[in-house]
1. State which residue is farthest from ILE214 (Cα to Cα) when the search covers only the range 28-48 and only residues that are touching a residue at least 12 places away in the same chain (Cβ under 8 Å) and touching a helix residue (DSSP H, G or I) at 6+ places or on another chain (Cβ under 7 Å).
2. Check the range 169-187 and report whether any residue there is polar (S, T, N, Q), within 28 Å of ALA56 (Cβ to Cβ) and in contact with a helix residue (DSSP H, G or I) (Cβ under 9 Å, 6 or more places away or on another chain).
3. Among the helices (runs of 4 or more DSSP H) contained in the range 124-223, which hold 1 or more residues that are in contact (Cβ under 8 Å) with a residue 24 or more places away in the chain?
4. Within the range 93-112, identify whether any single residue is closer than 26 Å to THR135 by Cβ and free of Cβ contacts under 8 Å to residues at least 12 places away in the same chain, and answer yes or no.
5. Kindly list the number of the only condition in (1) touching a residue at least 60 places away in the same chain (Cβ under 8 Å); (2) assigned to a strand (DSSP E or B) that fails for ILE116.
6. Starting from residues that are of a type in the set (Gly, Ala, Ser) and not in a loop (DSSP other than H, G, I, E, B), keep the ones in the range 73-97 and report whichever is farthest from ILE161 (Cα to Cα).
Amino acid sequence: MFHDKVVVITGGAQGIGRCMAQEFRKQGAKVCVIDVQPGDHYVGDISKKDVLEAFAAHVIGEHGHIDVLVNNALPIMRGLDACTYEEFEYALQVGVTAPFYLSKLFAPHFAPGGSILNISSSRDRMSQPQSESYTAAKGGIHALTHALAVSLAGRVRVNSISPGWIDTDYRVYEGPDATQQPAGRVGDPMDIANMALFLCSDKAGFITGENVCIDGGMTKLMIYHGDHGWTLNN
């Protein structure tokens, strides 16, 4: 499906990003990863403009084009009480500015049928206390998705995925952690990777500007105190 396609993944050295990179490679793709963690990939901090420019030049210099861009790198989570101005700004640089700028840098180099996939979060529509930096970044990339889809119409399809609770250690949860989810379990990275492969393939050729929430149904679950065993403890 992706034989000899050039796939770029930010934050692809760990977690969901690593899983997606592995699955694209299994499909025959040439995967280019950038991550701040050391390893056998392009190492760099995507909050920095010069790093993004150097990485994009490296990819195009080596491959001449790009087929898929997956903006996956994880912004930091800091809350209203403790988050500094600099930390909030850094979260937005990683979570929104870098995806925008990489999309801009790669835009002239997409092969026909190209695709951008942004990884948002179910936190783009719901929140826990003290999560402002992460939530703002994820909300931003969700909105950026449909804006890019319109600007790149006819050239590149742009979609996003909003994962819910995804355990990157593939732990099997039992009890309330599992049963509170309408799907009956906690998610794992393959739940996201499978959708990523679909959205970036020709099978999704009529899908652009869309967000797919993969959260086991949690954002569809209405919760009231005293209903079905739920209680609020202040």
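1. The extreme case among them is TYR42.
2. Checking the range 169-187: not a single residue is polar (S, T, N, Q), within 28 Å of ALA56 (Cβ to Cβ) and in contact with a helix residue (DSSP H, G or I) (Cβ under 9 Å, 6 or more places away or on another chain).
3. Fully inside the range 124-223 and qualifying: 132-151, 189-199.
4. Looking through the range 93-112, at least one residue is closer than 26 Å to THR135 by Cβ and free of Cβ contacts under 8 Å to residues at least 12 places away in the same chain.
5. Failed condition: (1).
6. Only one residue fits best here, namely ALA91.
Let's see how each residue does on (1) buried (at least 19 other Cβ atoms within 10 Å of the Cβ); (2) within 21 Å of ASN211 (Cα to Cα); (3) touching a Gly at 6+ places or on another chain (Cβ under 7 Å); (4) among the aromatic types (Phe, Trp, Tyr):
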position: GLU89; (1), (2), (3), (4): no, no, no, no
position: SER121; (1), (2), (3), (4): yes, yes, no, no
position: ALA153; (1), (2), (3), (4): no, yes, no, no
position: ARG157; (1), (2), (3), (4): yes, yes, no, no
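Readers should treat all values here as calculations from the given coordinates under stated rules, not as data from a laboratory. Just so we're clear, the structure is a prediction, and the values are computed from it rather than from any experiment. Don't worry about glycine lacking a Cβ; one is built from the backbone with ideal geometry, like all the others, and counts go over all protein chains shown.
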